[in-house]
Ligand code: AP5
């Protein structure tokens, strides 16, 4: 099984590249951000909770996210060659929980790809998307919070995978095709 974590700051291109990776390698794409936005749109209890965190650029509590992810994995992973995790894990506690979930099925994380993009470019991309799509957390104040949360709470996850020998750095600037080419070079080695 090919279980990939696509990692990086808000706006680094995780969702964009996940679509390409999913298609080429026949994976299940799990985006915790997309799942939460679907809950908000459906006006569920979880959606109401999610909105209160997302609108401030804060992370939801680990256990809420872990329970949501565990259910999604059980319901939908069958028949795929693996999973791409987008926006998860975002804390070391989430990374540890993912290891436990995968080990139950004798699986493991195959590789973590960090999309590395400088701060100014991230802000430019997110402000542009906010203007084009109206995504509610793409305004300057919330973007600054999301970047701070990423720096303080999420970057330690990189060390977790570095220590496990799973980490790969990917330059996240250039055209979408160029970046995908870099990712595919790594994944072709891991998949074979
Ligand atoms: P989430 O939805 O995961 O958002 P994010 O991490 O902030 O990431 P984005 O979706 O903004 O960016 P991306 O890296 O996917 O980039 P994209 O491809 O879209 O999380 C949202 C919120 O949900 C969190 O703040 C938190 O509250 C909550 N949450 C989610 N997961 C959680 C978890 N595990 N634990 C706790 N809370 C959680 O690209 C961005 C833009 O750039 C697009 O417009 C795209 O077209 C453009 N672009 C992409 N590539 C390029 C390129 N090469 N050149 C130019 N533009 C590009």
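If each residue of separation counts as 0.36 nm, what is the full-extension length gain between residue 176 and residue 152 once their alpha-carbon separation is subtracted?
Gain on stretching residue 176 to residue 152: 5.9 nm.
Ordered by packing density, taken as the mean number of other Cβ atoms within 10 Å over each peptide's residues, highest first, how do 40-48, 10-18 rank?
Packing order, densest peptide first, comes out as 10-18, 40-48.
Roughly how far apart, in whole Å, are the Cα centres of the range 95-168 and the range 5-28?
Between the Cα centre of the range 95-168 and that of the range 5-28, the gap is 11 Å.
How big is the range 2-183 along each principal axis, measuring the range of its Cα positions in Å and listing the largest first?
That works out to 43, 40, 29 Å along the principal axes.
With viscosity set to 1.306 mPa s at 10 °C, what whole-number translational diffusion coefficient in µm²/s follows for the range 1-52 from Stokes-Einstein and a Kirkwood radius over Cα pairs?
For the chosen part, D equals 128 µm²/s.
What is the extension gain from residue 58 to residue 104, computed as 0.36 nm multiplied by their sequence separation minus the C-alpha to C-alpha distance, in nm to one decimal?
So the chain would gain 13.6 nm between residue 58 and residue 104.
Bear in mind that the values in this text are calculations on the coordinates, not laboratory data. As the structure is a computational prediction, the values presented were derived from the model and not from experiment. Virtual Cβ from ideal backbone geometry, glycine too; neighbours counted across all protein chains shown.
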